[in-house]
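First up is the structure itself, then whatever we jot down about it.
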Amino acid sequence: KTAYEIRNCDWSSDVCSSDLETWLSWEFEGEHSSPVRVTAAGDGREAVLGLPPDTEVTVTLHTRTADGVGTLTRTVSTGSLPTDELAPSLLVASKGMDDSPYLLTSVNTGSYNYFGPCWIVILDRYGRVIWYNQTSDNRLTLMPRPSLDGTHLVAEASSYYVEAPPTILEMTLSLRQEVEIDTPTLGFTYSELPDGSFVYDETVDGYSYWLTRQYADGTTERLWDCSAWMAEYSTEYWACATNTVWYDAADDLVIWSMFETSTVVAIDLATGEPAWWIGHRPGGLSLSDGIELELQHFPNLTADRTLLLTTHVPGSPMEQHIREFELGETDATQVWDYVPVDGAYGQYGGEAFRLPNGNTLVGFGTDGRVQEVTPEGEVVWDIDWSDHLVGNVVPIDDLYALDEGWE
């Protein structure tokens, strides 16, 4: 992290009593600048975003008033990473990658996956960490995301495996704004809704699970009783345990994924009832070609309204697929299947996310690998955290948009 202090009173006394237009510029593998902002008189701050660790750079502060433009130059340096485990190895970077210059994810740097310490990180396409923030108390963060309005980051700090209160984190990249929202019934995963509320999995004993909504004032509402719905198929411990609660704005659905019972269900938020489901619970959409799900992770709907997910193959150790299904009235037909050929395999966790250029970002969970794959199955980008658990991976186009913050 690098923050450059803007001190307006470095200038003449008349500047100290007026508003300024200010921005920063610097050169690092090309020319860069921060957005032009109207800065009130007095001291202000702006962050230099996008630099890797141990980098020295000359930064120019530009100010503009009715009287003209001024500049002030300083040389600043980023620090070293707090642990070498935070940095992945870049294995492949070739033509055909998506244009997104940065990727947001999380990584668990401890000796045991799911037990912390966990870090939210942003990488550039050279695999360099250009931003990081540690989740406190060894709580787990697997799903960092841009907020729905794109002005800051949102992430969960869950406590399935540690003794600490679960919360939802919101922060700008400069950490100018940072807040923890108390979510005492948060289980493992969450999603933000357009009104600023959150939905997440709630459990009290590992047998009873609800899709729960928490509003801005802290009140909660149970929207759907998973255990009651699953009872005709399974009432076992963790039968409804979920690794994904993902909101789809286009159809106002929440996708809920049960890894122990290999079932994915879409809940209609307007009715609180299942709109469709696939997997082992009877009565859902039939999967084509005799496909079965096992330990599936991060099912999500693409812009083409297909369902994308990662899954193992029952009875076939070390075989993982990234599958895409077209959803019909009674069937889910596979339309794309990627099987990694270089040994990438996540025993737990993982995801698949469709990029704007048609490629797919694939995370391999506990394997520590992240790949970008073309529709033809060519790996055009590949990084490796050497068996450290990685969370969802999200493309980022504009770092400064994530530093706008909220009112």
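What FRET efficiency, computed as 1/(1 + (r/R0)^6) with R0 = 25 Å and r the Cβ-Cβ distance, is obtained for Asp397 and Arg37, rounded to the nearest 0.05? Write out the running numbers ahead of the final one.
Details: r = 19 Å, r/R0 = 0.77.
Working from the Cβ atoms, E equals 0.85.
First measure r as the distance between the Cβ atoms of Arg45 and Gln334, then evaluate 1/(1 + (r/R0)^6) with R0 = 60 Å and state the FRET efficiency to the nearest 0.05.
Details: r = 51 Å, r/R0 = 0.85.
The calculated FRET efficiency here is 0.75.
Between Glu407 and Asp252, what FRET efficiency follows from the Cβ-Cβ distance if R0 is 30 Å, with the result rounded to 0.05? Present the calculation step by step, with values, prior to reporting the outcome.
Details: r = 25 Å, r/R0 = 0.85.
FRET efficiency, Glu407 to Asp252: 0.75.
Quote the accessible area belonging to Tyr126 in square angstrom, nearest 10, computed with a 1.4 Å probe and with ligands, DNA and RNA left uncounted.
About 140 Å², ignoring ligands and nucleic acids.
In Å², what does the accessible area per residue of the chain work out to with a 1.4 Å probe?
On the way: 17200 Å² over 407 residues.
Accessible area per residue: 42 Å².
Decide, for region 261-407, between rounded, prolate and oblate: order the square roots of the alpha carbon gyration tensor eigenvalues as a ≥ b ≥ c, take rounded if a/c falls under 1.5, and otherwise choose prolate if a/b is larger than b/c, else oblate. Intermediate results must be reported in sequence, preceding the final value.
Details: a/c = 1.71, a/b = 1.17, b/c = 1.47.
Cα axes put region 261-407 in the oblate bin.
Would you calculate the convex hull of the Cα atoms in region 201-321 and tell me its volume per residue in Å³? The partial results should precede the final answer.
Numbers: hull volume 14.8 nm³, N = 121.
Per-residue hull volume (Cα only) is 123 Å³.
Give, as ranges by residue number, the residues of region 75-93 whose backbone N falls under 13 Å from the point 7 Å along Cα→Cβ of Thr58.
Correct set: 75-76.
Can you compute 3J(HN,Hα) from phi for each residue in region 95-110, using the Karplus curve 6.51 cos²θ - 1.76 cosθ + 1.60 with θ = phi - 60°, rounded to whole Hz and x for Gly and Pro?
Here the 3J(HN,Hα) series is 4, x, 5, 5, 6, 4, x, 9, 9, 9, 7, 9, 9, 9, 9, x Hz.
So, taking all protein chains as they sit and a 1.4 Å probe, how much accessible area belongs to Glu378, in Å² rounded to tens?
100
Report the residue, chosen from Thr105, Thr75, Thr220, that carries the largest GNM mean-square fluctuation when the chain is represented by alpha-carbon nodes joined by springs under 10 Å.
Thr75
When Lys and Arg each count +1 and Asp and Glu each count -1, what net charge do the other residues less than 12 Å away from Asp251, Cβ to Cβ, add up to? Don't skip to the answer; put the middle values down first.
On the way: positive: Arg305; negative: Asp248, Asp252, Asp268.
Around Asp251, the surrounding residues sum to -2.
Within region 320-358, which residues have the backbone N less than 12 Å from the label spot 7 Å out from Glu273 along Cα→beta-carbon, could you tell me?
none
Ignoring any ligand, DNA or RNA, what whole percent of the accessible area of the chain comes from carbon and sulfur when the probe is 1.4 angstrom? Each step should come with its number before you reach the end.
Numbers: 8100 of 17200 Å².
Looking at the chain in its full context, I get 47 percent from C and S.
At 7 Å along Cα-to-Cβ for each site, give me the label-to-label distance between Ala164 and Ala66 in nm.
5.2
Using a basic spin-label model with each label point 7 Å from the Cα along Cα→Cβ, how many nm lie between Tyr207 and Tyr233?
For the pair Tyr207/Tyr233, the computed spacing is 2.0 nm.
Could you compute the net charge surrounding Asp304? Neighbours are other residues with a C-beta less than 14 Å from the C-beta of Asp304; K and R count +1, D and E count -1. Display every interim value, and only then the final one.
On the way: positive: Arg305, Arg354; negative: Asp248, Asp251, Glu324, Glu326.
Neighbour charge sum, excluding Asp304 itself: -2.
With Cβ to Cβ distances under 15 Å as the rule, what net charge do the other residues near Pro35 carry (K, R +1; D, E -1)? Walk me through the numbers on the way to the answer.
Values: positive: Arg37, Arg45, Arg64, Arg176; negative: Glu21, Glu31, Glu46, Asp397, Asp398, Asp403, Glu404.
That sum, taken over residues with Cβ under 15 Å, equals -3.
Once phi is turned into θ = phi - 60°, what whole-Hz ³J(HN,Hα) does the Karplus curve with 6.51, -1.76 and 1.60 give for every residue of region 163-178, x standing for Gly and Pro?
Values per residue, Gly and Pro as x: 8, 7, x, x, 9, 10, 9, 10, 7, 8, 5, 7, 6, 4, 10, 7 Hz.
Sort His280, His388 by accessible area with a 1.4 Å probe, largest first. Spell out each step's value before the answer.
On the way: His280 70, His388 25 Å².
If we order His280, His388 from most to least accessible, we get His280, His388.
Tell me which GluC sites (Glu not before Pro) from region 202-288 have a DSSP coil assignment and no more than 11 other beta carbons within 10 Å of their own. Provide the component values of the computation, followed by the final result.
Working: sites: Glu202, Glu221, Glu232, Glu236, Glu260; in loops: Glu232, Glu236, Glu260.
Sparse-neighbourhood loop GluC sites (Glu not before Pro): Glu232.
Order Asp98, Asp331, Asp387, most accessible first, counting only protein heavy atoms with a 1.4 angstrom probe. Walk me through the numbers before you get to the answer.
Numbers: Asp98 15, Asp331 70, Asp387 100 Å².
Largest accessible area first, the list is Asp387, Asp331, Asp98.
Ignoring ligands and nucleic acids, what accessible area does Val313 show with a 1.4 Å probe (Å², nearest 10)?
Accessible area of Val313: about 30 Å².
Out of Pro356, Ser208, Ile278, whose Cα points farthest toward the positive end of the dipole of the chain (charges: +1 Lys, Arg; -1 Asp, Glu; placed on Cβ)?
With unit charges placed on the Cβ atoms, the residue in question is Pro356.
Quick one: ranking Glu407, Glu192 by accessible area, 1.4 Å probe, largest first, what do you get? Please report the intermediate quantities before stating the final value.
Values: Glu407 210, Glu192 30 Å².
Descending order: Glu407, Glu192.
Which three extents, in whole angstrom, do the alpha-carbon atoms of region 316-372 cover along their principal axes, largest first?
On the principal axes, region 316-372 reaches 36, 31, 19 Å in Cα extent.
Hey, could you get me the Stokes-Einstein D for region 72-167, Kirkwood radius over alpha-carbon pairs, 37 °C and 0.692 mPa s, rounded to whole µm² s⁻¹? Write out the running numbers ahead of the final one.
On the way: Rh = 15.1 Å.
The Stokes-Einstein estimate is 218 µm²/s.
The values are calculated or read from the model by the stated rules, or taken from the named source; none is laboratory data. The structure presented is a predicted model; accordingly, all values stated were derived computationally and were not measured. Every residue, glycine among them, receives a Cβ derived from its backbone with ideal geometry; neighbour counts consider all protein chains shown. Each accessible area value is taken on the protein alone, full model and side chains, heavy atoms only, with ligands, DNA and RNA left out. Shrake-Rupley method; radii C 1.70, N 1.55, O 1.52, S 1.80 Å.
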